[in-house]
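The structure appears below as structure tokens.
The values are calculated or read from the model by the stated rules, or taken from the named source; none is laboratory data. The structure presented is a predicted model; accordingly, all values stated were derived computationally and were not measured. Note that we place each Cβ from the backbone using ideal geometry, even for glycine, and neighbour counts take in every protein chain shown.
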Amino acid sequence: MQRIFTNRLLPIKVIAAAVVILISITGCKKQSGKPSARLPELTTNAPTDITAISASCGGFVINEGGQSTWRRGISWDTITNSNVGSFGNWNGVAGTGNFSFPIRELKPLTKYYVRAWAENSAGIAYGNEVSFSTPALVIGGKALDGIVFEIDSTGLHGLACASADQAESGWSNGSYLATGAIYTESGRDNTGLILNAEGSMGTYAALICVNYGDWSCSCSNGFMWYLPSKDELNKLYNQRNVIGGFSNGDYWSSTEFDTTKAWLKDFSDGKETASDKAIVHHVRAIRTF
């Protein structure tokens with residue numbers, strides 16, 4: 001009788017070969033898929049447009065770490081190593097290159113530390129830390145995008161004007177209307193009333209001031225810059241020599257005298273008069289900060 005020998009190692013060899021093939025297939029799939037994300041690489045730019053209460057800063061994304069960044073932004077604080085939990089500003093824009101954000105609500109005569117950051121699926125990466133110091137808040141100094149002409153009792157807020165006249169224009173938008181803009185202290189309230197009555201088209205003093213700024217601002221009334229009231233215009237006149245750039249002529253206020261007239265101020269002698277709304281006079285926008 002012939003003895004038949006069974007190779008008991010054969011099943012083990014088959015299984016081992018199958019495992020090798022499976023590992024090879026899995027490895028190929030991993031290699032053919034998206035690469036694993038790494039932390040982004042970026043640097044922090046030097047701060048610019050530094051005023052007593054604001055500045056601008058950003059960074060430069062060198063690479064995104066193999067996958068698109070979800071967010072990028074800046075963080076700042078009065079202590080070192082600020083992070084996304086500190087004060088900050090960010091957006092969801094992806095890509096490499098420069099980015100910048102405004103820094104608001106700063107305090108005068110204070111040192112701040114800033115870091116740019118970017119985030120992808122691997123986490124948040126920070127750029128190098130930079131620092132800057134805010135100057136004193138003074139009349140004639142910069143605040144945000146204006147020139148300070150009044151500082152309130154807190155020493156942190158007040159009124160600022162545009163750096164130059166906006167235009168020469170009439171007060172009304174081509175017809176005589178009673179707008180209800182009779183406030184002597186609040187040009188912002190007056191400007192809102194004038195816009196409601198005169199409309200958002202055309203060319204007239206209050207609208208010129210509003211269009212100097214940003215309609216998309218987060219202000220409750222939707223605009224940042226406005227035509228100063230009678231009292232605000234007087235404060236601006238009192239600081240005209242510190243600020244500079246004014247004409248020796250009449251400037252419109254937003255305070256209405258009656259249906260056909262509004263108050264103005266002569267910057268050559270300080271005289272206040274009520275003028276026909278259709279007459280063209282100088283316009284200088286102001287804002288709060």
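Summary of values
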{"quantity": "Segments classed as strands (runs of 3 or more DSSP E), wholly inside the stretch 79-194, with at least 2 members that are in contact with a helix residue (DSSP H, G or I) (Cβ under 7 Å, 6 or more places away or on another chain) and in the same structural domain as residue 240 (by TED's automatic domain parsing)", "calculated": "146-151, 158-161, 167-169"}
{"quantity": "Residue tally, condition surrounded by fewer than 21 Cβ atoms within 10 Å (Cβ to Cβ) and in contact with a strand residue (DSSP E or B) (Cβ under 9 Å, 6 or more places away or on another chain), over the stretch 113-124", "calculated": "3"}
{"quantity": "Residues of the stretch 97-112 that turn out to be surrounded by fewer than 18 Cβ atoms within 10 Å (Cβ to Cβ), under 15 Å from residue 74 (Cα atoms) and at pLDDT 90 or above, as a count", "calculated": "4"}
{"quantity": "Tally, over the stretch 255-279, of residues that are surrounded by 15 or more Cβ atoms within 10 Å (Cβ to Cβ) and either of a type in the set (Phe, Trp, Tyr) or on the phi > 0 side of the Ramachandran plot (or both)", "calculated": "3"}
{"quantity": "Filter result (buried (at least 17 other Cβ atoms within 10 Å of the Cβ) and either farther than 16 Å from residue 54 by Cα or of a type in the set (D, E, K, R) (or both)) within the stretch 125-147", "calculated": "125, 126, 127, 142, 145"}
{"quantity": "Meets criteria (assigned to a loop (DSSP other than H, G, I, E, B), over 30 Å from residue 110 (Cβ atoms), modelled with pLDDT of 95 or more and among the β-branched types (Val, Ile, Thr)) for residue 208", "calculated": "no"}
{"quantity": "Extreme residue, nearest to residue 289 (Cα to Cα), among residues of the stretch 83-108 that are small (Gly, Ala, Ser) and without any contact (Cβ under 8 Å) to a residue 40 or more places away in the chain", "calculated": "88"}
{"quantity": "Elements of type strands (runs of 3 or more DSSP E) contained in the stretch 235-289, each with 3 or more residues being closer than 15 Å to residue 194 by Cα", "calculated": "250-256, 261-266"}
